[in-house]
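Shown next, in structure tokens, is the structure this report addresses.
Read-outs: derived from the displayed coordinates by stated rules, not from any lab. Keep in mind the model is a prediction, meaning the values are calculated, not measured. Reconstructed Cβ throughout: ideal geometry from the backbone, glycine too, with neighbour counts over all protein chains shown.
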Amino acid sequence: MAWSLRLVEHRLEVGALRSFPRGPRVIFVRAGTIRLITPGGGEGGPPVGQDAAVFAAGACGVQSNRDALTFLVFELVRQPPPPAGGRTLLEHPMALDPKAAWLMRCDRVDFAPGGAAPRHGHRGGGLRCLLRGALTVTVGDAPGRLMRPGDCWFESGREPVLAQASTTEEASFVRCAILPAELRGRTSILYVDPAEATRGRPRTYTVFVDEPITP
């Protein structure tokens, strides 16, 4: 069965409700505070505020807690994909072995001015979206691409990637990856030069979601 990982931006006015079918997804809040609503109309957990994320695998609704909302939804969808319900920022096919065990991970990576992620890969593919600052991303032998807030890209994990932050400002991006379930609680990164793993890294990671999934 064919799958895609999709990133969709949603905007809701105060009190509006956006419903989602069953399926693995991460909801990342860009502005406002969300309430998750269960199919029966109950609370699906505590409110989730700006720059935080929550995992939702069952059918659910998202509603504003107090203010207008902007949130990003990373979702693993079957092909052909269902309607997005918002503005699709990026979608990419995912080759997933149905006999293997998988997890969905979402985290935020924060770079200090001048920070860099040396050439590296990952043990799984995923989508990224720059939240703030500027970041030059070089994938494989392709020319580097200057990312600005709102720009998105896909990393397969196989091609080496170099990421370089601006020297004048901090930079942050949020990402969601589909990884082997055995990596739960463990890093997925693979440095081209293993020595880079022990060197100083002027960047930090905030993990929001690291959950097993059933595609």
If you take Cα Rg over 2.2 N^0.38 Å from the coordinates, which of (i) 0.95; (ii) 1.02; (iii) 1.29 do you get?
(ii)
Placing +1 on the Cβ of each Lys and Arg and -1 on the Cβ of each Asp and Glu in the range 3-81, which of Pro81, Thr70, Ala59 has its Cα farthest towards the positive end of the resulting dipole?
Pro81
Sequence-separation-based contact order of the chain, relative, with Cα cut under 8 Å and 6+ spacing, percent
25 percent
Please list, in order along the range 127-132, the HN-Hα scalar couplings obtained from phi with the Karplus expression 6.51 cos²θ - 1.76 cosθ + 1.60 (θ = phi - 60°), rounded to whole Hz, x for Gly and Pro.
9, 10, 9, 6, 9, 7
Residues meeting the amide H criterion for Asp151 (H placed from the backbone, H to H distance under 5 Å, 5 or more places apart or on another chain) are Leu130
Compute, for the chain, the length of the dipole vector about the Cα centre, with Cβ point charges of +1 (Lys, Arg) and -1 (Asp, Glu) only. Units Debye, rounded to 20.
200 debye
Around Glu159 (Cβ within 15 Å, Cβ-to-Cβ, excluding Glu159; K/R +1, D/E -1) the net charge comes to +3
Once the piece of chain linking Thr204 and Asp97 is laid out straight, how much longer is it, given 0.36 nm per residue of separation minus the C-alpha distance between them?
35.4 nm
Applied in sequence order to the range 70-80, the curve 6.51 cos²θ - 1.76 cosθ + 1.60 (Karplus, θ = phi - 60°) yields integer Hz couplings, x standing for Gly and Pro, of 10, 9, 9, 10, 8, 9, 8, 10, 7, 9, x
Residues meeting the amide H criterion for Phe208 (H placed from the backbone, H to H distance under 5 Å, 5 or more places apart or on another chain) are Cys106, Asp107, Arg108
With +1 at each Lys and Arg Cβ and -1 at each Asp and Glu Cβ, the charge dipole magnitude of the range 102-213 around its Cα centre, to the nearest 20 debye, comes out at 60 debye
Pop out the ³J(HN,Hα) list for the range 106-121 in order, Karplus 6.51 cos²θ - 1.76 cosθ + 1.60 with θ = phi - 60°, rounded to Hz; leave Gly and Pro as x.
10, 8, 10, 10, 10, 9, 6, x, x, x, 9, 10, x, 3, 7, x
If the elastic network links every pair of Cα atoms under 10 Å, which of Pro180, Pro143, Pro160 fluctuates the most in the Gaussian network model of the chain?
Pro143
PRE reach from Val192 (point 7 Å along Cα→Cβ): which of the range 156-173 fall under 12 Å by backbone N?
159-163
Separation in nanometres of the label points that stand 7 Å from Cα toward Cβ, at Leu17 and Arg184:
3.1 nm
Any idea which of Pro93, Gly114, Pro46 is furthest toward the positive side of the dipole for the range 21-118, if Lys and Arg beta-carbons carry +1 and Asp and Glu beta-carbons -1?
Pro93
With springs only between Cα atoms under 10 Å apart, run a GNM on the chain and tell me which of Thr88, Thr168, Thr70 wobbles the most.
Thr168
Hey, rough spin-label estimate for Arg66 and Arg123, points 7 angstrom out along Cα→Cβ, what's it come to in nanometres?
4.1 nm
